[in-house]
Amino acid sequence: MPDADSRVPTFHGDFLYGVDQSRRVMVPAIWRPKKAKVVFTAILWPINVEDFLLVLPPERWQMLLDTLKTKSLHDKRVATLERVIGATSAPLLLDKVGRFCLPDHLALPAGIEKDARFVGRLQKFEIWSPNRYQTATPQDKSVAAAAAEEFNI
């Protein structure tokens with residue numbers, strides 16, 4: 001179990017930040033872990049569309065790795081999934097002032113250029129191009145309403 005300083009908070013809210021010429025972007029202050037050297041992992045998501053960056057804290061990334069580790073080495077689907085995630089993901093480390101540097105191979109396909117919208121997903125978060133997020137939001141609310149009813153929330 002990680003110590004209290006290395007645990008990351010839950011991710012609530014929706015924040016818009018500018019992206020500088022070096023592709024650095026501020027992470028919301030309330031989302032930053034107390035310990036400096038926490039490595040997040042960003043993945044282009046969903047895999048077949050690449051609309052946004054799904055950002056996983058270390059514990060959630062480890063869960064994904066552990067799940068894949070239990071699968072057969074002979075399963076071509078698993079190998080393909082690992083290869084695609086490996087090619088479309090990157091570790092993100094906060095710098096001293098609380099910024100991530102978004103790699104080109106992730107930011108460009110996700111459409112993240114001058115601005116980035118951070119959207120909380122409780123135990124993980126997303127980074128969107130503001131235009132793509134605005135387009136997806138009305139559809140998301142319909143899906144969320146149906147899911148909440150189905151899950152009896």
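The values are calculated or read from the model by the stated rules, or taken from the named source; none is laboratory data. Everything quoted here is computed from the prediction, not taken from an experiment. Note that we place each Cβ from the backbone using ideal geometry, even for glycine, and neighbour counts take in every protein chain shown. Remember, those area values only see protein heavy atoms, side chains included, never the ligands or the DNA or RNA. Shrake-Rupley method; radii C 1.70, N 1.55, O 1.52, S 1.80 Å.
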Would you kindly calculate the mean projected area, averaged across all directions, of the convex hull enclosing the Cα atoms of the range 15-99, in square nanometres? 6.7
Put one equal scatterer on each alpha carbon of the range 85-153, apply the Debye formula with no solvent term, and list log10 I(q)/I(0) at q = 0.14, 0.23, 0.29 1/Å to two decimals. -0.58, -1.13, -1.36
Could you go through the range 97-107 in sequence order and give the Karplus-derived ³J(HN,Hα) for each residue, using 6.51 cos²θ - 1.76 cosθ + 1.60 with θ = phi - 60°, rounded to whole Hz, and x for Gly and Pro? 9, x, 10, 9, 9, 7, x, 3, 5, 9, 5
Residue with peak Gaussian network fluctuation, the chain [Cα springs, cutoff 10 Å], from Leu81, Leu122, Leu73: Leu73
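Could you state the accessible area per residue of the range 63-112 in Å², with a 1.4 Å probe and every protein chain left in place?
Accessible area per residue: 65 Å².
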For Cα Rg over 2.2 N^0.38 Å, the listed values are (1) 1.30; (2) 0.99; (3) 1.08; which was obtained by calculation from the structure presented? (3)
Name the GluC sites (Glu not before Pro) in the range 60-148 that are in a loop by DSSP and that have at most 15 other C-beta atoms within 10 Å, would you? Glu113
Label points 7 Å out from Cα along the Cβ direction at Ala36 and Glu59: separation in nm? 2.4
Using the Karplus curve 6.51 cos²θ - 1.76 cosθ + 1.60 with θ = phi - 60°, work out ³J(HN,Hα) for each residue of the range 45-54 in order, rounded to whole Hz, and write x for Gly and Pro. 9, x, 4, 7, 10, 6, 7, 7, 9, 8
Of all accessible surface on the range 36-146 at a 1.4 Å probe, what whole percent is carbon and sulfur? 58
The chain, Gaussian network, Cα under 10 Å: of Gly111, Gly86, Gly18, the residue fluctuating most is Gly86
Along the range 121-134, Karplus-curve 3J(HN,Hα) (6.51, -1.76, 1.60; θ = phi - 60°) to the nearest Hz, with x for Gly and Pro, reads 10, 6, 9, 7, 8, 10, 10, 10, 6, x, 5, 5, 5, 4
